[in-house]
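Inspection log for the structure reproduced underneath, given as structure tokens.
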Amino acid sequence: MKRRSSLTAIAATVALAALALAGCSSAGTSSGGSGSGKTTHLAGAPSWCGTKKIKLAQLDGFGGNSWRLVTTASGEDEVKKCASVTSYQYANGNGDTQKSISDIQAFTAKGVDAMVVFADAGQAMLPAIRSAYKAGVVVVPYRVEVGGKAGTDYTQFVGASFVNDGVNWGKWIKSVIPSGGNLLFLSGPKGNSQGNDELKGMKSVLDDSYKFINEAPYDVTNWDPALTQTVLTAEIAKNSKIDVIVSDFGPSLVGALPVFQKSGRSIPALATSDGNALGCFWKDNQAANPDFKLFTVATGNDNVRLAVDWAVAKATGGTPPTSNTFEAPVFEDSVSSSPNPVECEANLPGDIYLSAQLPKDQQTAAINNK
Amino acid sequence: MSNATMRETNRLTTSRFRIAPGFVAIAIATIALFAVGGLLAPSSVSHSAIVGMLPFAAVLAIAGLGQMLVVQQGGIDLSVAGGISLAVVISTHEPAGDDSKLGPAILMAVAFAIGAGLINGILVSRLRLNSIIATLGMNALLYGAVFAVSGGTPRSTTKLLASVADGTTWGIPNAAFFAIGALVVVSVLTKKTVAGRRFEAIGANPAAARAVGLRVRVHQTLSFVWAQLLYCLAGVLLAGITNQPTAFQGDSLLLPSVAVVVLAGTSLLGGRGFPISTVIAALFLRQLQQFVLALGVDTSVQTLVQAIALAVGVALYSVNWASVRRRLITPKTSQAIPV
């Protein structure tokens, strides 16, 4: 294990020297596991936890919603599993790219050994990430692609498989309306790759009898609940037959779905991501809406855990996980109740995510403590 | 001298009954929009589309009325985004789903609004800061408060607020009644009270108003306070309508709030305000959004259509068409006309 970490250090030094000599970065080979196995989190003493003592920092480009708070708390919880991490720090970029960049520089200057970075600004963050990596820090960007290459610009990228989400939704849609029908797909800002990947996943499962009635490739909502509501209102008025709504941010639909009832129609089947508010909304409204079936995949708070595992393993000399891609598991299915029936904790905040590994009370605490 | 006074009096009397050109333009545009919508995209004028659109039009109308009061004093209020976002965050985060805490939370939001309005007003009227600079700074401060109160995370709306703001009475969204209420209050206060008439006079010509002995700075300060109170109402309604709001819900209202004021014909140099036209302009902008969504065109085209409509709407009455016509058709005689 020690040998592996010293090799990493030598590699980093060589890369730095090459950069200094050539004035540009050399093309490196992608390192790290490329397996496609399922995510595993070992209980007790995980194999990714090596013996070298390290300091770790978690960086967020934007920390201002409950999903991020739960994700941050999940990252901290994962770090606690490994006693070799002697210091854990967190920084929130508040949606400001400049601050996110200076956060990375500050932590590098403070001498942290490993960073997990949620790089909301995407490729704009790559130079800062690269310079931290060249300075010898183990850098693991996750979820949002930053460009560049593992081993050259950062240690390892831990992505999320949105294609996989699309495949899961597609399979469920096939089971609920086997003979085809009208689908309405809502995603975030125009051009976001998450929506494109999800559509790719769905199209790999669904044939032409399933018609997407939204603007191609998806209706733009910016993941803004107000715009979501406006867009859904227009689609409901325009289309007398909507069989399934697909959305990659389920809880933002809670304010919009009552539009169906106001139009005297049943809420249709919904394939989306989970959230306590959505589960409770389904429980409250499913009796009055016969067509309202609900299927959710986990929103992926646990993506950060895989990133922490990678960062800690690389910095402490542990064994990295076999997978470098987080595949969100299916969470709820109101039709088959498998793997779970729809869950609702009515006395807990609507903004917690029951699919996350982090216990409910810790999620509530994370949200209430800001 | 007496003749001059008579003439002036007559002119004032007739102008009171003249329909504002802005009102004519925006009313025709709105009716035309509904008519064209009925022909090209019938779903945009269906009952469900209009019921879904009205709450958002109401929120924009209320925010627009606030912005109008500031514009009447020759200012512009960029803290509308922060003001609305703060009201959203306070009215959702403080009660945390508990209906009984909703009242105190709204009072707290009102207190913040008054404070922000006073600071804006003092900075602009007493310290003579440019309103763009002062309110831009205030906007940053308000977002600071958003983070201080909540860490930037609003919570789900309480059931009570959702049922009030997103409910319907006699088939009409409740938010529309709030907008009508705000319109009546603003119209009566500015058009039918002595203070309101002074308010408009000061906006039209602060120097003359000061010479007459009117309390210019008090009225200017109060315009910002009233504006913040209206933003606060808009924010609380928006929190109830969206159910799961974000901490930045006010951002998307900044530009539209100025647009409705301009579309309504209120001069950015200050003076007379047009509350009814402002509310109709809000209806116009939101219905336009429904219309382009119903057409099913690409998002980029949707944005373009809205921008063009805005430009045409403003040009309809802000350009002196008579003068343009004169210049184009009879260039020679135009020089002969005395100014």
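The numbers here are math on the coordinates, done by the rules we state, and not lab data. Given the structure is predicted, the values throughout are model-derived calculations rather than measurements. Please note: Cβ atoms are built from the backbone with ideal geometry, for glycine as well, and neighbour counts cover all protein chains shown.
Tabulated values for the structure
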item: Dipole moment magnitude, nearest 20 debye, the stretch B:179-239 about Cα centre, only Lys, Arg, Asp, Glu C-beta charged; result: 260 debye
item: Integer Hz, Karplus 6.51/-1.76/1.60 couplings in order for the stretch B:162-179, x for Gly and Pro; result: 4, 6, 6, 6, 9, x, 10, 10, 6, x, 10, x, 4, 4, 4, 5, 4, 5
item: Peptide-level mean, for B:46-56, of C-beta atoms on other protein chains within 10 Å; result: 6
item: Computed E for residue A:211/residue B:148 - FRET, C-beta separation, R0 35 angstrom, nearest 0.05; result: 0.15
item: Rounded tilt (10° steps) of A:2-22 against the dominant C-alpha axis of chain A; result: 80 degrees
item: Dipole of chain B, positive end: most advanced residue of B:299, B:54, B:188 [Cβ charges, Cα centre]; result: B:188
item: Cβ-Cβ FRET estimate between residue A:135 and residue A:266, R0 fixed at 51 Å, reported to 0.05; result: 0.30
item: Cα shape, the stretch A:270-334, gyration tensor, a/c 1.5 rule; result: prolate
item: A:345, B:94 arranged by Cβ crowding within 10 Å, fewest neighbours leading; result: A:345, B:94
item: The stretch B:164-226: relative contact order in percent, alpha carbon pairs under 8 Å with at least 6 residues between; result: 14 percent
item: Peptides A:333-343, A:47-57 ordered by average Cβ neighbours within 10 Å, highest first; result: A:47-57, A:333-343
item: Whether the stretch B:201-291 is rounded, prolate or oblate, judged on the alpha carbon gyration tensor where a/c under 1.5 counts as rounded; result: oblate
item: Dipole magnitude of the stretch B:172-305, debye to nearest 20 (Cβ charges: Lys/Arg +1, Asp/Glu -1, about Cα centre); result: 760 debye
item: Virtual spin-label span in nm between residue A:240 and residue B:118, 7 Å along Cα→Cβ; result: 5.9 nm
item: Bridge type composition, the protein assembly as shown - antiparallel percent by DSSP, nearest 5; result: 10 percent
item: Amide H within-cut-off set for residue A:187, under 5 Å, with H built and near neighbours excluded; result: A:219, A:221
item: Label-point separation in nm, residue B:298 to residue B:177, each point 7 Å along Cα→Cβ; result: 4.5 nm
item: Residues residue B:133 and residue B:208, FRET efficiency given R0 of 22 Å [Cβ-Cβ distance, rounded to 0.05]; result: 0.30
item: Linear extension gain, residue A:284 paired with residue A:357, 0.36 nm per residue minus alpha-carbon span; result: 23.8 nm
item: Residue B:98 versus residue A:83: modelled label distance in nm, points set 7 Å from Cα along the beta carbon direction; result: 4.1 nm
item: Note, ³J(HN,Hα) from phi for the stretch A:293-309, Karplus 6.51, -1.76, 1.60, rounded to Hz, x at Gly and Pro; result: 9, 10, 9, 10, 9, 4, 5, x, 4, 7, 4, 5, 5, 5, 5, 4, 4
item: For the stretch B:50-122: rounded, prolate or oblate by the Cα gyration tensor [a/c cutoff 1.5]; result: oblate
item: Full-extension gain in nm, residue B:255 to residue B:169, via 0.36 nm per residue minus C-alpha separation; result: 27.9 nm
item: Peptide A:173-179, shielding by other chains (average Cβ, 10 Å cutoff); result: 0
item: Residues of the stretch A:219-244 with amide N under 19 Å of the 7 Å Cα→Cβ point at residue B:47; result: A:233-242
item: Gain upon complete extension [residue A:171, residue A:336; 0.36 nm per residue less C-alpha separation]; result: 58.1 nm
item: Nonlocal amide H pairs with residue A:154, under 5 Å, H built at 1.01 Å; result: A:149
item: Peptide A:225-232, shielding by other chains (average Cβ, 10 Å cutoff); result: 6
item: Point-charge dipole on Cβ atoms (K/R +1, D/E -1) for the protein assembly as shown, about Cα centre, debye to 20; result: 2560 debye
item: Long-range HN-HN contacts of residue A:115 with modeled amide H, under 5 Å; result: A:57, A:138, A:139, A:140
item: Dipole of chain A, positive end: most advanced residue of A:116, A:275, A:175 [Cβ charges, Cα centre]; result: A:116
